[in-house]
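So the structure is just underneath, and the comments pick up after that.
Here, each number is a calculation from the coordinates, and none is a lab measurement. None of the values given here were measured: they were computed from a predicted structure. Ideal geometry is used to build each Cβ from the backbone, glycine not excepted, and the neighbour counts take in all protein chains shown.
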Amino acid sequence: MIFETSILKSFFMTTIDGNNKICTLINVFTVTPEKHMELFEVLRTATEEVMAKLPGYISANLHISDDRKTVTNYAQWSSLEHFQKMMQDPKAQVHMKKAASLAIDFKPVTYGEIWTHTIRTEEIYIPGSVSI
């Protein structure tokens, strides 16, 4: 089956839309640079093997800061209730404890209200790209 690229992006990418009433988790982990990849792999594995199989899971995005001292998990759940149920899941708890043990500190915060702003497509500059 062939999809138009824009359809693929909206179907397979995390969508931030103020009209969607979902639960967004932003969890910022502070870590020593030596442990950033180990933490990243624990979070990636937890997402692929546990979180993605739980009811209400929508997406997860992991970010590593340029200085390697912060790993951020931006995840979406269909509701706060689904997120809270995940927090009680024994398999999820194993991974969360491992991630916590690698971090100096972490701060998970959930959000139900968001606002977004995006520039028009013709205003986007990507080095090496061709103007439209």
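In sequence order, region 106-118 has phi-based couplings of 8, 9, x, 9, 9, 10, x, 10, 9, 9, 10, 9, 9 Hz under the Karplus curve 6.51 cos²θ - 1.76 cosθ + 1.60, θ = phi - 60°, and Gly or Pro positions carry x.
Count Lys and Arg as plus one, Asp and Glu as minus one, and take only other residues whose Cβ is under 10 Å from that of Val31; the net charge is then 0.
Working from label points 7 Å from Cα in the Cα-to-Cβ sense, the Ser101 to Lys53 distance is 2.1 nm. Here the Karplus curve 6.51 cos²θ - 1.76 cosθ + 1.60, taken at θ = phi - 60°, turns the phi angles of region 44-56 into couplings of 5, 4, 4, 5, 5, 8, 10, 4, 5, 9, 8, x, x Hz, with x standing for Gly and Pro.
How charged is the neighbourhood of Thr72? Take every other residue with its Cβ under 14 Å from the Cβ of Thr72, and add Lys/Arg as +1 and Asp/Glu as -1.
Values: positive: Arg44, Arg68, Lys69, Lys107; negative: Asp66, Asp67, Asp105.
Within the 14 Å Cβ shell, the charges total +1.
Close amide H partners of Ser59, meaning residues 5 or more places away or on another chain with modelled amide H under 5 Å apart, are Gln76.
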